[in-house]
Amino acid sequence: MSNVRTLQRSFAAGEVSPELFGRIDDAKYQSGLARCRNFITKPQGPAENRAGFGFVRATKNSGVKSRLIPFTYSTTQTMVIEVGAGYFRFHSQGATLLSAGVPYEVANTFAEADLFDIHFVQSADVLTLVHPGYPPQELRRLGALSWSLTTISFAAAISPPASVTATPTGAGTIAYAYVVTAIAADGISESAASTAGTCTGNLFTTGNKIDVTWPAATGATRYNVYKMSGGLYGYIGQTATLALVDDNIAADLSKTPPIYDTVFASTSNYPAAASYFEQRRCFAGTVTQPQNIWMTKSGTESNVSYSLPIRDDDRIAFRVAAREANTIRHIVPLTQLLLLTSAAEWRVTSVNSDAITPSTISVRPQSYVGASNVQPVIINNTLIYGAARGGHVRELAYSWQANGFVTGDLSLRAAHLFDTFDIVDMAYSKAPQPVVWFVSSSGNLLGLTYVPEQQIGAWHWHDSAGGVFESCCVVAEGGEDVLYVIVRRTINGGSVRYVERLSSRDFATPADSFFVDCGLTYSGSPATVISGLDHLEGEEVSILADACVHPRRVVDGGAITLDQEASKVHVGLPITADIKTLPVAMQVDGSFGQGRFKNVNKVWMRVHGSSGIFVGPSEDRLVEAKQRTTESPGSPPDLKTQEIQVMLSNAWGDSGQVFVRQADPLPLSVLSMTAEVAMGG
């Protein structure tokens, strides 16, 4: 029997599937974990327990599901929109927007079953919402306590003159016809053509003319006049008055009156996807035309007009010609426009032109995987989306070798987190750590530490005592991106749904560290009774009082009583955070130590700013790492940044794994781990 030391330098590969325990040749094996529960792996390699979720407010109706959608008004003002059946609510900075002391709400017509199929895109203070069962709508922020939800109108923004009169001067038998369009105050919006004004005359005779007149149109500032020539109405002039004299002006047939499509006007003809690309708002995926896409006139939000002949800035409407039925589920603007369908991924480009126009559009397939209905996220120039079947998560990025976009499965090394489950919701947090968050149908929250340029993709999963995660979104607040979730919990024997906010791990003192779920913080004069905990009635809670771990209490009457007075107290549901190393594989023989019994005698853990560390060969044989040294009695142990040695209890087995747990409301960041392993024959 010999003792061998092994060093795990990094945990940057995250949790890997038990099916990979035999793949000791895999490049990620030496930095992977068998379990990464309620820990976040950082791109640099450490694994740190996640901060707690702070309680924001119960959803309006705990009996039904609701969903969270992000809204960014400016670089300093963001909102989390709670979308429920029949209402919107708004949350920011961990609080709810109130009006006269009650949550401010805007009514909607969405049913509970449709909430997670709503797709959205934001431009400035307008949030576009689409669903195949509802007309496309806009949620507009008009003020802090003034929001409106309206159905998008794709008709002309202004009406044409009611009639046109053409009065000739001089005799003639040649037929003439004129139409007039109205120009709105923005100088861009143009109405459809008016009814035609006709007359007979002869403008080829010297001195002859035709006076074209019309009544004023509401909202018009100028008017365009068009004359029939060769079967089309061509432009002959613009005026701010209500008349124009035609003295044989040649009609410009390259500019004709706009023709407005009738789109999204009835049930089964509402779009399922929306986005923006090259100054156009894009829609796609109706029930009756699942492979069609519509793009508004360039520079407009809802103008779907075109001219004859077609102009480059006209609306674009086309059908993706595919070899099988493909419902367009997502429109994604990267350097090129991508269409994710139920069975394939397509790239939309221009041919012989820098910009997409009605006459230069080209659609090419990139892969045949298919996407789920969960709205994807964009990281740099990479797209992450849920696969149509199998519940896995995939990435789509441009490859110069393939001269196109290539997709790959991000879930292969942690397939046990995805198989038999589906992804329900996803969001991306850029800072402080680049993490893509996923809500799984298992009820867990999955995290992917993702840095594609460094080939880093590390999975970790998160649960919460008595909780099921149902929705998530991320907004920027201060210098961090903050994760908000909706959690269905069983509290005091009843089912409730809470909006909760992930706290920051950047704290000034140990007393500020927040490592409880569904928690609240008391900060004030020293007190023993902490109230305001009605949302945790009847639950056993974890407590950090002035940086000291306090014995757990059961909330009674919305309050708890401490053993000693404290001025800063964090109270919430306990979090159990675990990491477990992979089976030991060392080059001690030709089999890399496989087939030998092993026992881990001791470990040396290099930690940073940590306390409350328990280590063992398994979760039922844990030993506390003794940390108290020179601290005064009655004060909490200092957070340690050093290498800590822990002697483990004997546990011979075939794996030689090490289990680390943090069950106290304290931080733990593991940088590396050295284990002394006794090898049997």
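The values are calculated or read from the model by the stated rules, or taken from the named source; none is laboratory data. None of the values given here were measured: they were computed from a predicted structure. Quick reminder, even Gly has a Cβ in these numbers, built from the backbone with ideal geometry, and neighbours come from all protein chains shown. What goes into the accessible areas is simple: the full protein's heavy atoms, side chains included, and nothing from ligands, DNA or RNA. Shrake-Rupley method; radii C 1.70, N 1.55, O 1.52, S 1.80 Å.
Structure above, values below:
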| quantity | calculated |
| --- | --- |
| Virtual paramagnetic centre 7 Å along Cα→Cβ of Arg23, amide N under 19 Å, in the stretch 437-476 | 447-452, 454-461 |
| Heavy-atom accessible surface of the stretch 488-539: percent carbon and sulfur, 1.4 Å | 46 |
| Gained length - Arg222 relative to Ser495, 0.36 nm times residue gap less alpha-carbon distance | 92.2 nm |
| Nearest-10 value in Å² for the accessible area of Phe55, using the 1.4 Å probe | 40 |
| Whole-number Å³ per residue for the convex hull built on Cα positions in the stretch 309-394 | 107 |
| Global geometry of the stretch 364-404, whether rounded, prolate or oblate, following the gyration tensor of its Cα atoms and the 1.5 cut on a/c | oblate |
| Simple spin-label estimate for Ala240 and Thr629 in nanometres, 7 Å along Cα-Cβ | 8.2 |
| Most to least packed among 187-193, 342-348 [average Cβ atoms within 10 Å] | 342-348, 187-193 |
| D_trans [Stokes-Einstein, Kirkwood Rh over alpha-carbon pairs] for the stretch 127-168, 20 °C, 1.002 mPa s, µm² s⁻¹ | 158 |
| Accessible surface of the stretch 1-69, 1.4 Å probe, proportion on carbon and sulfur as whole % | 45 |
| Cα-centre dipole for the chain with unit charges at Cβ (Lys and Arg positive, Asp and Glu negative), debye to 20 | 720 |
| Label-point separation, Thr167 to Gln454 (7 Å along Cα→Cβ), nm | 7.9 |
| Glu453 accessible area, assembled protein chains, probe 1.4 Å, Å² | 110 |
| Peptides ranked, highest mean first, by Cβ atoms within 10 Å: ranges 572-580, 126-134 | 572-580, 126-134 |
| Bins of 5 Å, starting at 0 and running to the largest distance - Cα pair percent for the stretch 524-586 | 4, 17, 26, 18, 11, 5, 5, 5, 4, 3, 2, 0 |
| Of all accessible heavy-atom area on the stretch 163-292, the percent that carbon and sulfur account for (1.4 Å) | 55 |
| Cβ-derived FRET efficiency at R0 22 Å, Ala559 paired with Tyr104, nearest 0.05 | 0.15 |
| Per principal axis, descending, Cα span of the stretch 171-320 in whole Å | 58, 30, 27 |
| Whether the stretch 474-522 is rounded, prolate or oblate, judged on the alpha carbon gyration tensor where a/c under 1.5 counts as rounded | oblate |
| Sequence-distant residues sharing a close amide H with Thr327 (under 5 Å, placed H) | Ser342, Ala343 |
| Convex hull volume of the stretch 463-560 per residue (C-alpha atoms, cubic angstrom) | 111 |
| The stretch 368-373 - phi-based ³J(HN,Hα) in whole Hz, Karplus 6.51/-1.76/1.60, Gly and Pro as x | 10, 10, x, 10, 6, 8 |
| HN-Hα J in Hz across the stretch 16-33 - Karplus 6.51, -1.76, 1.60, θ = phi - 60°, x for Gly and Pro | 10, 6, x, 5, 9, 4, x, 8, 5, 7, 5, 4, 8, 4, 6, 10, x, 9 |
| Rg to Rh quotient for the stretch 417-510, alpha carbon positions, Kirkwood Rh | 1.00 |
| Label point distance in nm, Asn269-Met647, each placed 7 Å from Cα along Cα→Cβ | 8.1 |
| Cα centroid separation - the stretch 126-194 against the stretch 1-31, whole Å | 65 |
| Alpha carbon convex hull of the stretch 1-150, projected area averaged over orientations, nm² | 14.6 |
| Mean separation of Cα contacts under 8 Å (6+ apart) over length of the chain, as relative contact order % | 14 |
| Solvent-accessible area per residue for the chain (1.4 angstrom probe, square angstrom) | 41 |
| Contour excess over end-to-end distance, with Cα ends at Ala144 and Asp312 and 0.36 nm allotted per residue | 56.6 nm |
| Integer Hz, Karplus 6.51/-1.76/1.60 couplings in order for the stretch 514-523, x for Gly and Pro | 10, 10, 9, 9, 6, x, 9, 10, 9, 9 |
| Using distinct alpha-carbon pairs, which all enter the 1/r mean, Kirkwood radius of the chain in Å | 29.1 |
| Stokes-Einstein translational diffusion, the stretch 347-451 - Kirkwood Rh over all Cα pairs, 0.890 mPa s, 25 °C, in µm²/s | 162 |
| Positive-end residue, the stretch 454-525 charge dipole about Cα centroid, Cβ charges, pick of Val487, Ser504, Tyr522 | Val487 |
| Fully extended contour minus Cα-Cα distance, from Arg9 to Val64, at 0.36 nm per residue | 15.2 nm |
| DSSP bridge pairs, the chain: antiparallel proportion in percent, nearest 5 | 95 |
